[in-house]
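Notes follow once the structure below has been shown.
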Amino acid sequence: MDGDSGEISPVLEVVRQRWIDLGIVDAGVASGVTCLVFYCGTGWRSSLSLLVAHLLGYRAKNYDDGFYGWSWDSKNPVEYV
């Protein structure tokens, strides 16, 4: 983000369009009604997506513990397919 103009980097606009094309961003996300939730195995890779989502102005959260932390708690459901 350009601190002087407040404009988003052209690279972030490419990401925004890619997320729209992939169906990650829909009308609910774009309007702020729907919150994006990112997760990965341990939580660190998904934190990068969280940062990008915030820079793009979307509501977003990161499940910091990741699947690794989730699966260690026997009370949490895990379905293997």
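The values are calculated or read from the model by the stated rules, or taken from the named source; none is laboratory data. Keep in mind that what you see is a predicted model, and the values were worked out from it rather than measured. All Cβ positions, glycine included, derive from the backbone under ideal geometry; neighbour counts span all protein chains shown. To get the accessible areas, we keep the full protein, side chains included, count just its heavy atoms, and leave off ligands, DNA and RNA. Shrake-Rupley method; radii C 1.70, N 1.55, O 1.52, S 1.80 Å.
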Exercise. Can you name every residue in the range 26-81 that is farther than 17 Å from Arg16 by Cβ and among the hydrophobic types (A, V, I, L, M, F, W, C)?
Worked result: Val33, Val37, Cys40, Trp44, Phe67, Trp70, Trp72, Val78, Val81
Exercise. Hey, any hits in the range 6-21 for a residue that's among the aliphatic types (A, V, I, L, M) and touching a strand residue (DSSP E or B) at 6+ places or on another chain (Cβ under 8 Å)?
Worked result: no
Problem set entry | the range 71-81, subset hydrophobic (A, V, I, L, M, F, W, C) and open to solvent by 90 Å² or more (accessible area, probe 1.4 Å), residue nearest to Val37 (Cα to Cα) | Trp72
Seminar exercise, completed: Gly43: passes all of (1) within 14 Å of the chain's Cα centre (by Cα); (2) at pLDDT below 90; (3) at negative phi but (3)
